[in-house]
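All remarks here apply to the structure that follows.
The values are calculated or read from the model by the stated rules, or taken from the named source; none is laboratory data. All of these numbers come straight from a predicted model, not from anything done at the bench. Quick reminder, even Gly has a Cβ in these numbers, built from the backbone with ideal geometry, and neighbours come from all protein chains shown. Remember, those area values only see protein heavy atoms, side chains included, never the ligands or the DNA or RNA. Shrake-Rupley method; radii C 1.70, N 1.55, O 1.52, S 1.80 Å.
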Amino acid sequence: KGNVLFYREAQLRPGKYRVQLIAYDAVTGGVNVSTTPLEIGNVDETKPRLSSVAVLKTAERLTPEEQKRDQPLHFGELLVYPNLGEVIDRNTAKQLAYFFTAWPAKGATKPLQVTLEILQNNRQIGKTSGDLPPADERGQIKYVSAFPLDKFSPGVFQLKVTVSDGVNSVSRSASFVLEQ
């Protein structure tokens, strides 16, 4: 009769992982299993780095005490929750919000450039680019933005984010599904 939000952090070594979520409904005896890939890359501080790209589902406001902690899904005074593969209804969701964290190369003085591409069936249907804001005191750039969905037809899409310092670049993608 409602949503259950579960938040847990773990320190993982570089590598490819699968996160498996299992939900059990005690009333009906039903079980639902979902698996999501997770990749932890090697850290090379001489090159720009990029977290996974998260298509966002919702956000909640943090207390002032909670805002003091640096956690991966904190953005300002918000804790953002990713969409874990749920279909997005264009009639109720007018925009698609996304989140990522980027780290410039150690000692970098120029801003990182970001390129956002929307792909459908491996074909680019939209692209935009610009500079990211400067890194914070922790050396990271947490970035949230959104784009309108009104011109999209139903289907499966890829949101590809690339950050570059002009010499080195790194890309990550996230899928999302739109229905009418």
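Numbers below:
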quantity: Positions within the stretch 113-154 being acidic (Asp, Glu), in contact with a Leu (Cβ under 9 Å, 6 or more places away or on another chain) and either surrounded by fewer than 11 Cβ atoms within 10 Å (Cβ to Cβ) or farther than 26 Å from Val87 by Cα (or both), in sequence order; calculated: Asp131
quantity: Residue that is nearest to Pro14 (Cα to Cα), among those in the stretch 37-48 that are open to solvent by 60 Å² or more (accessible area, probe 1.4 Å) and part of a strand (DSSP E or B); calculated: Glu39
quantity: Index of the failed condition, Leu21 passing every other in (1) surrounded by 10 or more Cβ atoms within 10 Å (Cβ to Cβ); (2) in a loop (DSSP other than H, G, I, E, B); calculated: (2)
quantity: Test: residue in the stretch 87-99 that is basic (Lys, Arg), in contact with a strand residue (DSSP E or B) (Cβ under 6 Å, 6 or more places away or on another chain), surrounded by fewer than 19 Cβ atoms within 10 Å (Cβ to Cβ) and in contact (Cβ under 8 Å) with a residue 40 or more places away in the chain; calculated: yes
quantity: Output for the stretch 105-149, where each listed residue is acidic (Asp, Glu) and in contact with a strand residue (DSSP E or B) (Cβ under 9 Å, 6 or more places away or on another chain); calculated: Glu117, Asp131, Asp136
quantity: Residue in the stretch 2-10 that is polar (S, T, N, Q) and either open to solvent by 90 Å² or more (accessible area, probe 1.4 Å) or assigned to a strand (DSSP E or B) (or both) present; calculated: yes
quantity: Candidate set: the stretch 1-52, residues that are small (Gly, Ala, Ser) and closer than 28 Å to Glu66 by Cα; chosen: the one modelled with the lowest pLDDT; calculated: Gly2
quantity: Boolean, Lys57 is touching a Phe, Trp or Tyr at 6+ places or on another chain (Cβ under 8 Å), within 25 Å of Ile141 (Cα to Cα) and open to solvent by 70 Å² or more (accessible area, probe 1.4 Å); calculated: yes
